[in-house]
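Accompanying notes for the structure given below.
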Amino acid sequence: MARIVVITSGKGGVGKTTTAAAIATGLAMQGRKTAVVDFDVGLRNLDLIMGCERRVVYDFVNVINGDANLRQALIKDKRTENLFILPASQTRDKEALTTEGVERVLGEMSKEFDFVVCDSPAGIEHGALMASYFADEAIVVTNPEVSSVRDSDRMLGILASKTRKAEKGEGSIPAKLLLTRYSPARVEKGEMLSIEDVQDILSIDLLGVIPESQAVLNASNSGVPVVLDEESDAGQAYLDSVARFLGEERPYRFTTIQKKGFFGRLFGG
Amino acid sequence: MPRDSARAQGDALRAIELKGRMMLVSILRLHSSDPKELDIALGARMAEAPDLMRDMPVVLDIDSLGQVAVPDLLVAFEHVRQHGFKLIGLQKGETATQPLADASGLPLLVLSGKGAASPAATPSPKPAEPAAPEPRPASPAVHTPTRVITQPVRSGQQIYARGGDLIVTGAVSAGAEVLADGHIHVYGALRGRALAGVRGLVSAQIFCRRLDAELIAIGGHYRISEDILDHERGENRLITLSGETIRITEI
């Protein structure tokens, strides 16, 4: 049985898809058979970030409707072993994700994979609810600014009540915080919330801190998950997060101002 | 033997006890008897705070309806009931007369402090004189258990402790709302809205480890964030109502 992990946030543009791609790739690099599913029906993006947009034939909604089987729709990643992508449909709307359909497809994937990573759309509407409904655990992606933190707080409240586990009375699913676009220099200047501020408000365990980095933008533009850029600070931070996710203890890096490293990032990114 | 029979007689009397008690009731004022209009308004009001409204005992004030036939009024009452309110009486007035009371089975009550409550306001309870000695439902326990929440109360969530106190061991986030008929204790930071004594208990208090609230209210009197001064915010705060003023002090 796979562990089903939802990558969620509430707010848009905080790095959910980048994170889903990076975490899924990281898990696959660790030898875990992993599928990453795009729940953002109508605004699909994961295939671009994963660099497989030209190989999409069938999508998630096709599988739900029975137009194609899972094997036909899953795209095998060319760079990373053990990694598969299930793209979203660009031509449908999110209502196409029926509870029964999603349950059936995730159930089928569960048998084959070690991890199923669900990339949630922004918002708290149907698509986002479907992405988290069957999850065993959640990674909440948050930027260190007030509106993102508040939306994540709202999302945590929803995760506590609107998952299958919660509805069955089995309690809320475990949720961990991934702080992205973190800039220690801007925290120092008081322009950004610190790790402690965010944790004080959200009070959940910290999975990782991803520094603000040009490498993320480069990775997205070139369709290569940022963890494959192992030289980059963001790539390393994601790999640390994946290791923590698998139970390893790692120190948090890139959370303080390092003079040399900081300039290195400026010019080297 | 005689002693036993005397005791038996005493026991028999002890089966009931008649007492007078002050009691706060909410008044539901109807401005229309049209079932459709009522359904829309009641449904909307109930949707706002279902926890708060469901099974809420209310006294109906129908004076502003003017002359409406008794059967139509009975239909209107039934619609109010269907939305979850418990009717406990009719505010005596020109429309609410004895024949209507007899037909509806609701007692006529004379309440003091008439007027004031605007229909648009949040359900602000009106204090009442010890009207007719309202038969209190035989409560199995005198004490309403305190509601204890051990999870953080997150943005968008609403927690209501009906009939008693509320304890939150974690934080109340901005955008969250906690309500209680009694006191509210928050052992984390209070960043959202806290409303104590929502059914009019003016002696209710709010205790919090850290005050940074969006709104605090006691017995219908409130202060919004803008009116909470910087020096009033901070650690270990007690919020009380003194007259009509919300007071914030350090514990």
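The values are calculated or read from the model by the stated rules, or taken from the named source; none is laboratory data. Bear in mind the structure is a predicted one, so any value in this text is a computation, not a measurement. Methodologically, a virtual Cβ is constructed for each residue, glycine included, from the backbone with ideal geometry; neighbour enumeration extends over all protein chains shown. Quick note on the areas: whole protein, heavy atoms, side chains included, nothing else; ligands and nucleic acids left out. Shrake-Rupley method; radii C 1.70, N 1.55, O 1.52, S 1.80 Å.
Things worth noting here:
- Zone residues, region A:130-144, relative to residue A:189, backbone N less than 20 Å from point 7 Å out along Cα-to-Cβ: A:143-144
- In chain A, the calculated helix contribution to ellipticity at 222 nm averages -12000 deg cm²/dmol per residue, counting -39,500 (n - 2.57) for every DSSP H run with n ≥ 4.
- For region A:18-76, the spherically averaged projection of the C-alpha convex hull amounts to 4.1 nm².
- Contact order normalised by residue count of region B:150-202, Cα under 8 Å, 6+ apart, percent: 33
- Here is the tail figure for region A:1-156: Cα pairs spaced more than 26 Å apart come to 17 percent of all pairs.
- Size descriptor, Kirkwood hydrodynamic radius, that averages inverse alpha-carbon separations across region A:139-269, Å: 15.8
- Cα centre as origin, Lys/Arg/Asp/Glu Cβ charges: the protein assembly as shown dipole, Debye: 680
- Projecting the Cα atoms of A:4, A:18, A:223 onto the dipole axis of chain A, where Lys and Arg carry +1 and Asp and Glu carry -1 at the beta carbon, places A:223 farthest toward the positive end.
- Residues in region A:116-127 carry Karplus couplings, in order, of 10, 9, 9, 8, 7, x, 5, x, 10, 8, 3, x Hz; the curve used is 6.51 cos²θ - 1.76 cosθ + 1.60 with θ = phi - 60°, and Gly or Pro positions show x.
- Rounded to whole Hz, the Karplus (6.51, -1.76, 1.60) HN-Hα couplings of region A:91-103, x for glycine and proline: 9, 10, 10, 5, 5, 5, 7, 7, 4, 5, x, 4, 4
- Full extension of the segment from residue A:146 to residue A:165, taken as 0.36 nm per residue of separation minus the current Cα-Cα distance, would add 3.9 nm.
- Taking amide H positions as modeled 1.01 Å from N, with prolines and chain starts lacking one, the residues under 5 Å from residue B:25 and 5 or more places away or on another chain are B:126, B:128.
- Proximal lysine pairs, region A:98-199, alpha carbons under 30 Å, eight or more residues apart or interchain: 8
- In this entry, region B:131-251 is assigned a mean projected area of 8.2 nm², taken as a quarter of its C-alpha convex hull surface.
- Whole-Hz Karplus values for region A:145-157 come out as 9, 4, 5, 5, 5, 5, 5, 5, 4, 4, 5, 4, x Hz, taken residue by residue from phi with 6.51 cos²θ - 1.76 cosθ + 1.60 and θ = phi - 60°; glycine and proline positions read x.
- Amide H contacts under 5 Å for residue A:10: A:123, restricted to partners 5 or more places along the chain or on a different chain, H placed in the peptide plane at 1.01 Å from N.
- Built amide H within the under 5 Å cut-off of residue B:85, gap 5+: B:55
- Rg to Rh, two decimals, where the protein assembly as shown supplies the alpha carbon set and Rh follows Kirkwood: 1.10
- In the frame of its principal axes, chain A has Cα extents of 56, 41, 33 Å, reported largest first.
- Accessible surface ranking for A:252, B:222, A:238, 1.4 angstrom probe, highest first: B:222, A:252, A:238.
- Residue A:112 sits among other residues whose Cβ lies under 11 Å from its own Cβ, and their net charge, with Lys and Arg +1 and Asp and Glu -1, is +1.
- Inter-chain Cβ neighbour count for B:153-161, averaged per residue, equals 5 (cutoff 10 Å, partner chain atoms only).
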